[in-house]
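Taking it in order: structure first as structure tokens, then the write-up.
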Amino acid sequence: MNASIIDIFNALKDKLGEKEAKTITEYFEVMNENCKKESQENMLKTFATKDDLNKAVLTLIKWFIGIQIGFVGIIGLLIELMLKK
């Protein structure tokens, strides 16, 4: 038991008795452990795998190349327009 559980136990022991207080604090401990396990499982579900990261990098590279080609095209058009005048 950690300090907060001990404090809860002592507060409940005076009101309900030792057996009931122990039962309630054990319930809190079990629920706390279950919440920790669930949050760890949820964190593991949200981590990206190597495949996910590879796909993201590939997508970024495709966008970068596409934007660069667009810039080259725009610059070419601007140069052509300036040379016509």
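Note on the stretch 1-47: with charges restricted to the Cβ of Lys and Arg (+1) and Asp and Glu (-1), its dipole about the Cα centre is near 60 debye.
Ranking 31, 75, 61 by how far each Cα lies toward the positive end of the dipole of the chain (charges on Cβ) leaves 75 at the top.
If only the Cβ of Lys and Arg carry +1 and only the Cβ of Asp and Glu carry -1, the dipole of the chain around its Cα centre is close to 720 debye. Summarising the label geometry, the points placed 7 Å from Cα in the beta-carbon direction at residue 55 and residue 83 lie 4.4 nm from one another. Long hydrophobic helices in the chain, taken as whole DSSP H segments with a C-alpha length of 24 Å or more on their own axis and mean Kyte-Doolittle hydropathy at least -0.5: 50-84.
If you take the alpha carbon atoms of the stretch 1-47 and fit the smallest convex hull around them, that volume is 60 Å³ per residue. Entry note, the chain: the mean residue ellipticity at 222 nm calculated from DSSP H runs of n ≥ 4, each adding -39500 (n - 2.57), is -32500 deg cm²/dmol after division by the residues and rounding to the nearest 500. Residues 49, 25, arranged from fewest to most other Cβ atoms within 10 angstrom of their Cβ, appear as 49, 25.
With the largest listed first and rounded to whole Å, the semi-axes of the equivalent ellipsoid of the stretch 46-85 from the Cα gyration tensor are 38, 6, 4. The reciprocal of the average 1/r between distinct C-alpha atoms defines the Kirkwood hydrodynamic radius, which for the chain equals 18.9 Å.
Values in this text are rule-based calculations from the coordinates and carry no lab data. Since the model is a prediction, treat every value here as computed from it, not as a measurement. Note that we place each Cβ from the backbone using ideal geometry, even for glycine, and neighbour counts take in every protein chain shown.
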